[in-house]
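A short write-up of the structure that comes next.
The values are calculated or read from the model by the stated rules, or taken from the named source; none is laboratory data. Being a predicted model, the structure only gives us computed values, none of them experimental. Here Cβ is always computed from backbone atoms with ideal geometry, including for glycine, and neighbour counts include all displayed protein chains.
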Amino acid sequence: MLFDIDHIPFSRQGRFLTLSMMKVPGGDGERALYLRFVAGGDERPSLGRLCRMAFFDAAGHAVEPAFELSPERLVARAGAGEIGFVIGEGERLHIRGAGMGVRFHLEGSRYDYVYRTPQGEQCLVAAVENVKFIPRVVSGALEVTGAWQRDHSEKVSFAFSGDFEGHVDFFRTVPSDERPGSFDDALAGARTDFSGWHARMPTDSAGQEEAHCLASYLLWANGVPVGGALTRPAIYMSKNHMINIWSWDNAFSALGVAAVDPELAFDQFAVIFDHQDASGLLPDYINDRDVLFAFTKPPVHGWALSLIEAMQPGFLTVERKAYLKDKIGKQVDYWLTYARTGDDRLPSYFHGNDSGWDNATFFAEGGPVTTPDLPVFLILACDTLAALLEEDPAAAAKWRAKADILQSLLFDQLWTGESFCARLVAEPERQLPNQNLIQFMPLLLGEHLPRDMAAKLLARLAEGDFITEWGPATESPQSPLYEDDGYWRGPIWAPTTLLLWDGLRRQGEVALAREIAEKFCSLAAKNGMAENFDARSGRGLRDRAFAWTSAVYILLSASLSPQQP
């Protein structure tokens, strides 16, 4: 069962409001269902945790319900009792129950409190989480508790019981004056919203309906609204733990939704590029509160845009071209100006996080490190810029010339005679560990990669045991540095799978590309949309509700259609 609340949060597109299973603080591994508001980013220990939810039967005795999750509703059942949860318009949770009740225990901060509004309603304030909420009952019973203690309230909770219907409104400043509608209205709206989204997704060609539905749901439900530093609607990587949008993850999310909502796909680029530094540097991540420049991410955006335009001709409208040509041009110039020692050297990553491969083996000695993927992404970005500037031949020629120079430097400085390697900038003559997947990124150069180099790379890919039963391992299982759960030291990741798949296609290796697509789709169908996967067992690892995994599944599943080349 892929729709499992133990791993998959319940939320809705354009909402911070989320219900998910989390560890109880100090609970010795105990887990409980939590009401959350996932604003503020993933650096907060709470991860948006507001209230622990506890269920009880008609007699008031504690019960442990079984949960049933679907895109539009979460249902808790215990004995003859049942409670349903639906997210309605705005940040509003609708609740309806019969034969059982639910209590929400505020587990917050120093200054949490309850007060009575001028309208006579009880309002709970989660101070550090920066959110207020008002529970209301339509039928049945509502109880709000909270004992005042000098400057805060203790034991704050609210509970619905009896055969009841009610809702909880969440807000930052003042509550909405919109009429809430009924539970059934909210359910119908959520169902219509998701079903329309899912119907526009590329057809599942792998025959894996539940996996396809889950991938579609996560790309929908991981969406958050405009506000604060979020200048556009954004798709967070997850509403479990990874509650930010990172600046290469965003490109993969855009690829996943381009066929469904082109404007939302463009927003995934722009929400990051809106915060581009004057130098051209992109932030590592953003959320509604923070814009972090301590790290950055690889410049995959030119590659991703060209792929979207190939799949969805016309995506690059005049307005989008005008925005992107300046942004991507500055991005390329950042790497060529600030990330290398001179025009005759390749740019480098300062930290593993900059590369996106955080703790990969080629960063075992620290940085800066020159890797083969970075110049490839910059070359492809230059190609995209030339296409964006097709009406300005002189400007287009300038970017093509930069691409040619980078390609020459790549071949001269990182080709070993058998493969491409990574090198420490401080020791450019020494090759770093070279049993990782990053050496194959030059396959993305297509026909511009000399045939002898391509042939050697393909042979090394086959002989190095990189492609396991489940797909391409980031570190070969033959490597002494391989780890089953080593993050970027072995596990299968969706973005590198898609990059390798596209590189193989560009080399005319259609059968192998298809094999990788089939393996990845089978992997996700069995183990869900995890952050990454054990390359030997296929087991899902880390965060189990990831957007870019979902996006890559959608694309690779569609690629398996008989109509696809």
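A few notes on this one:
- Test: residue 483 is among the acidic types (Asp, Glu) and either in contact (Cβ under 8 Å) with a residue 12 or more places away in the chain or within 27 Å of residue 262 (Cβ to Cβ) (or both): no
- Residue 131 vs. criteria more than 25 Å from residue 99 (Cα to Cα), in the same structural domain as residue 89 (by TED's automatic domain parsing), under 32 Å from the mean Cα position of the chain (by Cα) and of a type outside the set (S, T, N, Q): yes
- Residue 434, sole failed condition from (1) of a type outside the set (A, V, I, L, M, F, W, C); (2) closer than 19 Å to residue 331 by Cα; (3) assigned to a loop (DSSP other than H, G, I, E, B): (2)
- When the residues of the range 141-185 are filtered to those that are in a loop (DSSP other than H, G, I, E, B) and of a type in the set (Gly, Ala, Ser), the one that is modelled with the highest pLDDT is 182.
- Residue in the range 272-295 that is in a strand (DSSP E or B), at negative phi and buried (at least 22 other Cβ atoms within 10 Å of the Cβ) present: yes
- Within the set 475, 418, the sole residue that is farther than 28 Å from residue 544 by Cβ, out of contact with any Asp or Glu (no Cβ under 6 Å at 6 or more places or on another chain) and either of a type in the set (D, E, K, R) or surrounded by fewer than 17 Cβ atoms within 10 Å (Cβ to Cβ) (or both) turns out to be 418.
- Within the option set 264, 292, being under 30 Å from residue 347 (Cα atoms) and of a type outside the set (Val, Ile, Thr) holds for one residue only, 292.
- Out of 475, 509, sole residue that is over 28 Å from residue 363 (Cα atoms), at pLDDT 95 or above and of a type in the set (D, E, K, R): 509
- Pick from the range 490-529, criterion part of a loop (DSSP other than H, G, I, E, B) and touching a residue at least 24 places away in the same chain (Cβ under 8 Å), ranking: farthest from residue 8 (Cα to Cα): 507
- Residue match in the range 180-187 (condition: more than 22 Å from residue 36 (Cβ to Cβ) and surrounded by 18 or more Cβ atoms within 10 Å (Cβ to Cβ)): no
- Residue, surrounded by the most Cβ atoms within 10 Å (Cβ to Cβ), within the range 124-140, restricted to residues that are assigned to a strand (DSSP E or B) and in contact (Cβ under 8 Å) with a residue 40 or more places away in the chain: 133
- Residue 152, sole failed condition from (1) surrounded by 15 or more Cβ atoms within 10 Å (Cβ to Cβ); (2) within 18 Å of residue 53 (Cα to Cα): (2)
- Tally of residues being touching a residue at least 60 places away in the same chain (Cβ under 8 Å), under 32 Å from the mean Cα position of the chain (by Cα) and under 19 Å from residue 54 (Cα atoms) across the range 88-107: 6
- If you go through the range 509-534 and pick out every residue that is within 30 Å of residue 447 (Cα to Cα) and buried (at least 24 other Cβ atoms within 10 Å of the Cβ), you end up with 3.
- For residue 164, the conditions (1) exposed (fewer than 14 other Cβ atoms within 10 Å of the Cβ); (2) in contact (Cβ under 8 Å) with a residue 12 or more places away in the chain; (3) over 29 Å from residue 2 (Cα atoms) all hold with the exception of (1).
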